[in-house]
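Worksheet: the structure to be examined is printed underneath.
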Amino acid sequence: MSDDVLYELDDAVAWVTINRPQARNALNAAVREGLLAAFVRFNRDTSARVLVLTGAGDEAFCSGGDLKEMAQTELRVPPVDYVPQPGRTVQVDKPIVAAVNGVAYGGGFLLTQSCDLCVAADHARFGITEARWGRGAPWAAPLPWLIPPRVAMELLVTAEPIGARRAYEVGLVNHVVAAAELRTRTQELALRIAANAPLSVRAGKAMVRVAAEHTRTRAFREAEALFEPVYLSADALEGPRAFQEKRTPVWQAE
């Protein structure tokens, strides 16, 4: 891990922070490498059940690719793994929550899209600004699954950002909170997730993704297969037993 991406464990929640506020947390090579390292570390961190991704400062979550670096390297077609994309270029089975503390443009939008849930400060803004700079956004292909297609179309062809409230209205954001409460409210959400049975949480995350890729009948079959190991786990017995005994479950994740 470098100083450009910070990894901090807060209870069962790993907070990963893009730490280039002087450059609006733009995605230079050091940040991209740091994000990949953070996702890999989270996968291996048995103490962490949820990852929260955010940016340093209160101006930008991530302003996107570092255009100065792109100009210097004369980047043409970026490789698929140019920016680490959880669920596409790097497998992350545990939940990821975006805590959007400012603008999320271009690659920053990509990162919020790749997260499972999104909490936004009330001043946050979201935009796919690539058309403004002659760049592309093939990574936005799943966007019409997340939000209405015509909203996705407008974001892509106008390059005009939308505010946090509009992002909430179209389903891109789960919660909009006061900027001063972003850390606290996101941590509360993450801890609610972390308190649940880990195997059930991971299967639930996987099922939502699978349902987007298959027809209704196939999605049911895939969901049954995902949850069968959950039903057969020790935790499936621990939950009802803890309820009967009026105590907090002790999950074994097995």
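Are there any pairs, at least 6 apart or on different chains, whose C-beta atoms fall under 8 Å, with the first in the stretch 2-13 and part of a strand (DSSP E or B) and the second of a type in the set (K, R), and if so, which?
Y7/R41; V13/R49
Scan the stretch 131-151 residue by residue and report those that are in a helix (DSSP H, G or I), of a type in the set (A, V, I, L, M, F, W, C) and within 18 Å of the chain's Cα centre (by Cα). Steps first, answer last, please.
At the first step, the residues of the stretch 131-151 found to be in a helix (DSSP H, G or I) are 131-133, 138-140, 143-146, 149-151.
After this cut, where a residue has to be of a type in the set (A, V, I, L, M, F, W, C) as well, the list is 131, 133, 139-140, 143, 145-146, 151.
Listed by number, the residues that qualify are W139, A140, L143, W145, L146.
Does R185 meet the test of being within 27 Å of V52 (Cβ to Cβ), part of a helix (DSSP H, G or I) and assigned by TED's automatic domain parsing to the domain that holds R135? Walk me through how you get there before you give the answer.
Working: within 27 Å of V52 (Cβ to Cβ): yes; part of a helix (DSSP H, G or I): yes; assigned by TED's automatic domain parsing to the domain that holds R135: yes.
Answer is yes for this residue.
Any chance the stretch 60-81 includes a residue that's at pLDDT 95 or above and closer than 22 Å to E188 by Cβ?
Among the residues of the stretch 60-81, at least one is at pLDDT 95 or above and closer than 22 Å to E188 by Cβ, which makes the answer yes.
For the stretch 55-108, what are the residues that are over 24 Å from K205 (Cα atoms), out of contact with any Ser or Thr (no Cβ under 8 Å at 6 or more places or on another chain) and β-branched (V, I, T)?
Hits for the stretch 55-108 are T73, V77.
With the structure loaded, tell me whether E213 is loosely packed, with under 12 Cβ neighbours inside 10 Å and assigned to a helix (DSSP H, G or I) or whether it fails that test.
Working: loosely packed, with under 12 Cβ neighbours inside 10 Å: yes; assigned to a helix (DSSP H, G or I): no.
Judged against the criteria, E213 is not a match.
Only one of R166, R216, R135, R150 is assigned by TED's automatic domain parsing to the domain that holds R49, at pLDDT below 95 and among the basic types (K, R); which?
Numbers: R166 fails: at pLDDT below 95; R216 fails: assigned by TED's automatic domain parsing to the domain that holds R49; R150 fails: at pLDDT below 95.
Of the residues listed, the single one that is assigned by TED's automatic domain parsing to the domain that holds R49, at pLDDT below 95 and among the basic types (K, R) is R135.
Would you tally the residues in the stretch 112-130 being at pLDDT 95 or above and not in a strand (DSSP E or B)?
Here the count works out to 9.
Which residue is nearest to A203 (Cα to Cα), if the candidates are limited to the stretch 242-254 and must be loosely packed, with under 13 Cβ neighbours inside 10 Å and not aromatic (F, W, Y)?
Step one: filter the stretch 242-254 for residues loosely packed, with under 13 Cβ neighbours inside 10 Å, giving 243-248, 250, 252, 254.
Pick out the ones that are also not aromatic (F, W, Y) and you get 244-248, 250, 252, 254.
Details: Q244: 24, E245: 26, K246: 26, R247: 24, T248: 21, V250: 19, Q252: 15, E254: 13 Å.
Filtering the stretch 242-254 for residues that are loosely packed, with under 13 Cβ neighbours inside 10 Å and not aromatic (F, W, Y), the one nearest to A203 (Cα to Cα) comes out as E254.
Is it the case that the stretch 93-111 has a residue that's free of Cβ contacts under 8 Å to residues at least 60 places away in the same chain and surrounded by fewer than 21 Cβ atoms within 10 Å (Cβ to Cβ)?
No, the conditions are met nowhere in the stretch 93-111.
The values are calculated or read from the model by the stated rules, or taken from the named source; none is laboratory data. Predicted, not measured: the structure shown is a model, and the values here were computed from it. Cβ coordinates were reconstructed from backbone atoms using ideal geometry, including for glycine residues, and neighbour counts include every protein chain displayed.
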